[in-house]
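Engineer: Quick one: the structure is below, and I'll ask about it shortly.
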Amino acid sequence: FPSHDKRHFNSIILKRGEKLPASSEEEYYTVSNGQRSVHIDVNEGEVETLDKVLVTQIGEFVYDFDSPKPENYPVRIKIGLDLSGIIVVTVTEPQTGKVIVREFDYTSTTSSQQAEILRTSLMSARIS
């Protein structure tokens, strides 16, 4: 399965077995001239795939730029996971310093057994 195409990316940001609390950050880039937003899906899964059947969606949101951005404009995505199952996603525009933060309570969207599995599974963000 592909982990990206021209407009969509799915990459593992927090890897299996990381000691909690954990966080990691990746830099992504806009894919078209005049891009106005980035759609972020936060998923749990074992593989870098665009196939939503193979991942469990935890949450999603849209990050809107203040103005249209050129192709290859950088955007940093940081995902953190604490011991209580709170996932914090931070989106930063390095060139402007603009930051937004979204939180997801993994334990409220899954069973307690699934929440425990999260401690040894993978977190990813799908950027489109």
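The values are calculated or read from the model by the stated rules, or taken from the named source; none is laboratory data. Everything numeric here is computed off the predicted structure, so don't read it as measured data. Reconstructed Cβ throughout: ideal geometry from the backbone, glycine too, with neighbour counts over all protein chains shown. With ligands, DNA and RNA removed, areas are computed over all heavy atoms of the protein, side chains included. Shrake-Rupley method; radii C 1.70, N 1.55, O 1.52, S 1.80 Å.
Engineer: Thr120: open to solvent by less than 80 Å² (accessible area, probe 1.4 Å), more than 11 Å from the chain's Cα centre (by Cα), at pLDDT below 50 and among the hydroxyl-bearing types (Ser, Thr, Tyr), yes or no? Steps first, answer last, please.
Structural biologist: Numbers: open to solvent by less than 80 Å² (accessible area, probe 1.4 Å): yes; more than 11 Å from the chain's Cα centre (by Cα): yes; at pLDDT below 50: yes; among the hydroxyl-bearing types (Ser, Thr, Tyr): yes.
It is true that Thr120 is open to solvent by less than 80 Å² (accessible area, probe 1.4 Å), more than 11 Å from the chain's Cα centre (by Cα), at pLDDT below 50 and among the hydroxyl-bearing types (Ser, Thr, Tyr).
Engineer: Of all residues in the range 54-77 being in a strand (DSSP E or B) and buried (at least 18 other Cβ atoms within 10 Å of the Cβ), which is nearest to the chain's Cα centre (by Cα)?
Structural biologist: Ile77
Engineer: Something else: Counting only residues that are assigned to a strand (DSSP E or B) and open to solvent by 50 Å² or more (accessible area, probe 1.4 Å), which one in the range 1-12 is modelled with the highest pLDDT? Working first, answer last.
Structural biologist: Applying the first criterion (assigned to a strand (DSSP E or B)) to the range 1-12 yields 4, 9-12.
Those left that are additionally open to solvent by 50 Å² or more (accessible area, probe 1.4 Å): 4, 9.
Values: His4: 44, Phe9: 61.
Here the answer is Phe9.
Engineer: Continuing with the same structure: May I ask you to verify whether Gln35 is over 17 Å from the mean Cα position of the chain (by Cα), modelled with pLDDT of 75 or more and not β-branched (Val, Ile, Thr)? Walk me through it before giving the result.
Structural biologist: Values: over 17 Å from the mean Cα position of the chain (by Cα): yes; modelled with pLDDT of 75 or more: yes; not β-branched (Val, Ile, Thr): yes.
Yes.
Engineer: Related question: Quick one: would you say Tyr29 is over 17 Å from the mean Cα position of the chain (by Cα) and either at pLDDT 75 or above or surrounded by 14 or more Cβ atoms within 10 Å (Cβ to Cβ) (or both)? Don't jump to the end; show me each part of the working.
Structural biologist: Details: over 17 Å from the mean Cα position of the chain (by Cα): no; either at pLDDT 75 or above or surrounded by 14 or more Cβ atoms within 10 Å (Cβ to Cβ) (or both): yes.
Criteria not met by Tyr29.
Engineer: Among (1) at pLDDT 85 or above; (2) out of contact with any helix residue (DSSP H, G or I) (no Cβ under 7 Å at 6 or more places or on another chain), which single condition is Ile87 missing?
Structural biologist: Among (1) at pLDDT 85 or above; (2) out of contact with any helix residue (DSSP H, G or I) (no Cβ under 7 Å at 6 or more places or on another chain), Ile87 violates only (2).
Engineer: I would also like to ask the following. Give the range 32-46 a look and list any residue that's open to solvent by 70 Å² or more (accessible area, probe 1.4 Å) and touching a strand residue (DSSP E or B) at 6+ places or on another chain (Cβ under 7 Å), or say none.
Structural biologist: The one that is open to solvent by 70 Å² or more (accessible area, probe 1.4 Å) and touching a strand residue (DSSP E or B) at 6+ places or on another chain (Cβ under 7 Å): Arg36.
Engineer: Ok, one more. So which residues in the range 13-26 are open to solvent by 70 Å² or more (accessible area, probe 1.4 Å), part of a loop (DSSP other than H, G, I, E, B) and in contact (Cβ under 8 Å) with a residue 24 or more places away in the chain, if there are any at all?
Structural biologist: Lys15, Arg16, Pro21, listed by residue number.
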